[in-house]
Structure formats: C-alpha cells, structure tokens
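Let me begin by presenting the structure, written as structure tokens, before commenting on it.
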Amino acid sequence: MSDRPGRGPSRRTLRDGVGHPLVTRRPPDTPPPSADGIPEAPRLDHVRVAIVTESFLPALNGVTTSVCKVLECLREQGHDALVVAPGTSPWSPVMTPEHYAGFPVHSVTSVPVRKFRVGLPSYEIETVLHRFRPDVMHVASPFVLGVRGLVAARALGIPSVAIYQTDMPSYIRQHAGPAGDLTARATWRWIRRIHEQADLTLAPSTAALTDLAEHQVPRIALWGRGVDADLFHPDRRTDPGALALRDRLAPRGETVLGYVGRLAPEKELHRLTELSSLPGTRLVLVGEGPSREILQAQLPEAVFLGRREGAELAQAYAAFDLFVHTGTRETFGQTLQEASAAGLPVVAPARGGPLDLIQPGGTGELFDPDVRGALCAAVTPLVGPTAAEVRERMGAAGRQRVQERSWPALVDQLVDHYSAVVHAGSRSVA
C-alpha cells in the first residue's frame, strides 16, 4: 500500500512506524482533497479516535461538555480514544485531568486569553499521534490548538473530522469595536483555511451549516448534539433538593424564569432587563463569567446561583417554570435542549441554533431579537398560574422531541461519520 498523494504517509505507514512524524511533512503547497462530499461507508466495529479539543476540563462550556459525552459513549461502545487538550497552570486550583472515561488526556502548554485557556500548538501533538496510531482524528471547535492537530493529521495521513461549534466571527465582531466587520471577515477566511484541512466538517444546526456553505467551507454535513435525558428529567421536580430550591426562589409562588450559561457579553444578557419588572416572576441565572457584576447591577432583583453542574444543575432546571435564552450567536444551544429534556418551555431568539430546537407555540416561543420588548412579549403569556397548563403542554412536547437525541444515538451517528472518512481515505490510497 503506497502513500496517499499530497497527504503524507498512509495509515499503514503510520502504524508500521516508518518515518518519524517530526520530519514527515505534507508539502505546504499541496492542495487539500477536492472531493465534494464523503460517501456512506461500512461502519467500523472498533475505532481508535484521537480527539484534539480547544477546551476541556476544568473549563465548563459547550465544547467541553460535548467532548466529555463523546468520550463516555465511545467507552461504552468499546472504542479507544486519546485526548489532547489545553492544560492548566501549575498553580491552578483545579488541574486538567490525566484521564477521562478511562482514556488518557495529554495536556499541552496553554495561556489565558479572556479567561479561556488557549492551548499552544507544538510538534508534540505529532509525537502523541505517532504513539497512539489512531484511525481517525476528531478536532473539536478548531481555532488554535486544533489547527495544529489538523496539520499533524494531514502530515501523518490520518483521516480527520472537524466539529464546528463556536461562532467565532460573531464573537470577534462584538469585541473588535469599529473594526468588527473587517475582523469578522478575516476570521471567516481563517475558519475556511482551517476546515479545508479536514476531510469532513460537522455543523450542529441548519443555520450553522448554511453559514459554512455561504463562506465556502467544503465537505460539510449536519451532526447535532445529544442530551442527557436521564439527568435532565421532569421527574426531578419532586426531588427534595429541587423542591427546597424552588421554595427559596419563589416563596410567594412566583413564575421562575431561568437562564443557564456563561455570563458574558456574547450571550447578550442585557435583554433580560426587559423581564426585570414583569409582575409575578423571579429571574434566576445559573453560571459564571466576566459580566456577573454588571448583570447584578442591571438586575438587582434577580437571583444568581453561580456555577452548577451534574445533579445540582438538574435541580436548578427542575426549579424553573420557564427557560429563557437571549444570545443570537448560538450555533446550537445545548442549554435549550437540556431545558426541554427537563420539561420546560423555552423562549429564545429566532436566530441560529434555536431555530432547529424550538417549535413556536409547540415547545416554546421564538422572539425577534431586533425588536425591543419582543422577549417580554413572548414571555408574558406564559407567566402566572393561569398559564401553568400551557407551560406543561409545551414542556411535555419539548421533552418528547429531545428524547430521540440521546448522546449514545448521536455518537452512533458520529462513528458513522468516522467510518465514512476512514473508508474514503483507504480508497484514495493507490
């Protein structure tokens, strides 16, 4: 079996250890594969996956959650995996774990950028891959560390799947001031260059898939996100912890309007001020972030529960009556899906990921984020004891819709995508 043209050594060469990975390189002027898509292929019974992620524990966000759930399901299905992730500083109170779900975690040097840990790219990734000898590389939300991972995969002839998860152009536009539009366009060019290195890019929603297509990102497909429908469940409303929290939040029977997520500018939480004076309600925010002090000043009557995870997070959802989301830059919206699993109606902007997740009038409501007061207008009919039956109906419908999106089912789909790129790669070997 000879090497694949323009893609470095074949997987067999890699497995046989021929050629050290630090000196085996894909020529920089070699174009990426020109295939328009990845055909269906026989499913791999066993797969070795190297996951390179821009974010991992102890950081909690959508990227970390997805990677952890994928790892847990890969372990349950009998596959093998390795994680390469940003490490924490030696003086960090919580360190990056050395293992997760029984799989090794290789942490690389990182630096803090706006309270995120950004892994520094280095040739050590190739050494790690050379030792692990994966069938496929999974790159989660590539932007810095993931770029090095994709380059290493190309150099070593490893088929790759990139997960598009973060709307970085919108984030950068928001923080770049007058140069926002210019920097956002430059960011899209960078994203296209990144994802051209991958054999397949998976988008979490139809809106994200459209964005990628409009910006000429090749070889794209849809892959959603799973939800833990056992952890987030309507039955938790009778949990003693949830009942106690509910009594504390709404001692006079207020309708509890809940938000879960990062407290940061990109979440556009200033919109919650529309709800601050809504009679008969209590606004509750779960999460941490740089905007907490500002939000506490803007929302003096709101309750801030801080960071919660696991059963404590599930109890918080169970104490809510209605879930409210404000951000317009969500490529998916995992917390919306968790709220639906918990049996809550969801109100969110009619933009991005929520368009796939919410059925207006059925599982919740969508509001126009460009119209001031639209959020309050969407929430008001769902407030109060007279709306309890409507909330119950919407919550039940939302729960029914997400039950088919379990993480095991989503990881089954992911393994199918792995199989397709591995099969396509093996066919391209001369």
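The table that follows gives values for the structure above.
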| read-out | value |
| --- | --- |
| Evaluation of Arg252 against (1) open to solvent by 20 Å² or more (accessible area, probe 1.4 Å); (2) in a helix (DSSP H, G or I) (one fails), failing number | (2) |
| Hits in the stretch 279-296 (condition: of a type in the set (S, T, N, Q) and in contact (Cβ under 8 Å) with a residue 60 or more places away in the chain) | Thr281 |
| Set Pro345, Pro354, Pro381: member being touching a Gly at 6+ places or on another chain (Cβ under 7 Å) and without any contact (Cβ under 8 Å) to a residue 40 or more places away in the chain | Pro354 |
| Residue tally, condition under 15 Å from Lys267 (Cβ atoms) and without any contact (Cβ under 8 Å) to a residue 60 or more places away in the chain, over the stretch 297-329 | 4 |
| Pick from the stretch 349-369, criterion part of a loop (DSSP other than H, G, I, E, B) and of a type in the set (D, E, K, R), ranking: least open to solvent (accessible area, probe 1.4 Å) | Asp368 |
| Long-range neighbours under 7 Å by Cβ, at least six apart or interchain, first residue on the phi > 0 side of the Ramachandran plot within the stretch 73-101, second crowded, with 18+ Cβ neighbours inside 10 Å | Ala101/Leu71; Ala101/Glu72 |
| Residues satisfying the stated conditions in the stretch 264-278, i.e. in a loop (DSSP other than H, G, I, E, B), free of Cβ contacts under 8 Å to residues at least 40 places away in the same chain and either under 17 Å from Thr335 (Cβ atoms) or not small (Gly, Ala, Ser) (or both) | Ala264 |
| Residues (assigned to a helix (DSSP H, G or I), out of contact with any Gly (no Cβ under 8 Å at 6 or more places or on another chain) and surrounded by 19 or more Cβ atoms within 10 Å (Cβ to Cβ)) located in the stretch 101-131 | Glu126, Val128, Leu129 |
| Residue satisfying all of: in the stretch 45-57; in a loop (DSSP other than H, G, I, E, B) and touching a helix residue (DSSP H, G or I) at 6+ places or on another chain (Cβ under 9 Å); modelled with the highest pLDDT among these | Val47 |
| Selection from the stretch 64-100 of residues that are part of a helix (DSSP H, G or I), surrounded by fewer than 17 Cβ atoms within 10 Å (Cβ to Cβ) and not basic (Lys, Arg) | Glu76 |
| Test: Arg15 is over 22 Å from the mean Cα position of the chain (by Cα), open to solvent by 50 Å² or more (accessible area, probe 1.4 Å) and either hydrophobic (A, V, I, L, M, F, W, C) or at pLDDT 85 or above (or both) | no |
| Candidate set: the stretch 152-209, residues that are among the hydroxyl-bearing types (Ser, Thr, Tyr) and in a helix (DSSP H, G or I); chosen: the one most open to solvent (accessible area, probe 1.4 Å) | Thr206 |
| Top-ranked residue of the stretch 304-335 - restricted to ones that are among the acidic types (Asp, Glu) and not in a helix (DSSP H, G or I), ranked as nearest to Ser406 (Cα to Cα) | Glu309 |
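The values are calculated or read from the model by the stated rules, or taken from the named source; none is laboratory data. Since we're looking at a predicted model, the values are computed, not measured. Don't worry about glycine lacking a Cβ; one is built from the backbone with ideal geometry, like all the others, and counts go over all protein chains shown. Remember, those area values only see protein heavy atoms, side chains included, never the ligands or the DNA or RNA. Shrake-Rupley method; radii C 1.70, N 1.55, O 1.52, S 1.80 Å.
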